[in-house]
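Since the structure comes first, as structure tokens, the remarks are kept for the end.
The values are calculated or read from the model by the stated rules, or taken from the named source; none is laboratory data. Since the structure is predicted, the reported quantities are computational estimates derived from the model, not experimental observations. No Cβ is skipped: glycine too gets one built from the backbone with ideal geometry, and neighbour counts run over all protein chains shown. Surface accessibility is based on the protein's heavy atoms, side chains included, excluding ligands, DNA and RNA. Shrake-Rupley method; radii C 1.70, N 1.55, O 1.52, S 1.80 Å.
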Number of protein chains: 2
Amino acid sequence: MQNPEYTKYGLHGKLTAQQGKGDELAAILLQASELLKTAKGCHLYVISKDHQNADTVWIYEVWDSKEDHDNSLQLTGVRELIGKAIPILAGQPEKGVEFTVLGGTGLN
Amino acid sequence: MQNPEYTKYGLHGKLTAQQGKGDELAAILLQASELLKTAKGCHLYVISKDHQNADTVWIYEVWDSKEDHDNSLQLTGVRELIGKAIPILAGQPEKGVEFTVLGGTGLN
């Protein structure tokens, strides 16, 4: 049931790679998800491939706070992976949708 | 890392309640998430509130298959909760975004 104290920071967004580089982008983001296993406040960092566009990768994130999310971008290893992803993107990444996570099944 | 066998069905969509009924809708969906804990193939069913619109609720789902997702809509209890949600929606629900989940942190 809804636990009023249970409010976490959620973000869902997509990155689109240059044509034919969707798998490469997904692999980079899956590597990032491995690093984030030990990141402070990280509950979910899930990587998916869009059904319509093979070069579009979705990232769904749940963190204890936005601050924890922002701090993770400075983690060694994560910065390098971001550096590997940027050159194969097809243009500027769109800002994802932010929300307050209330709870649900499967969240640890 | 990317496990080629790890492909699950993912869905992310939002429901918008009539004005002032966002919390009521979220509570119904959180009840549904409790029921889905034991649903075949359900890995994630996460409920969130939109940051811009207090009456918009986001649902992020990960299932072993689309079939498992579709079957869950027939589960006793779930059907009744859907029946409770529909009258307080502000119009027709939009179809969510479907994707193939490749993996990530926090998935059980």
> Can you name the condition, by its number, that B:LEU102 falls short on among (1) touching a Lys or Arg at 6+ places or on another chain (Cβ under 7 Å); (2) among the aliphatic types (A, V, I, L, M); (3) more than 15 Å from A:SER48 (Cβ to Cβ); (4) within 13 Å of chain A (Cβ to nearest Cβ)?
Replying inline: (3)
> Among the candidates A:LYS37, A:LYS49, A:LYS66, which residue alone is in contact with a Ser or Thr (Cβ under 8 Å, 6 or more places away or on another chain) and either free of Cβ contacts under 8 Å to residues at least 12 places away in the same chain or closer than 15 Å to A:LYS8 by Cα (or both)?
Replying inline: A:LYS37
> Out of the residues in the stretch A:93-105 that are in contact with a Gly (Cβ under 9 Å, 6 or more places away or on another chain) and open to solvent by 20 Å² or more (accessible area, probe 1.4 Å), which is nearest to A:GLN18 (Cα to Cα)?
Replying inline: A:PRO93
>> Looking at B:THR7, B:THR38, B:THR76, B:THR16, can you tell me which residue is modelled with pLDDT of 95 or more and of a type in the set (Val, Ile, Thr)?
In response: B:THR16
> Got a sec? Which helices (runs of 4 or more DSSP H) wholly within the stretch A:1-92 have at least 3 residues that are more than 9 Å from every other protein chain (Cβ to nearest Cβ) and open to solvent by 70 Å² or more (accessible area, probe 1.4 Å)?
Replying inline: A:66-72, A:78-85
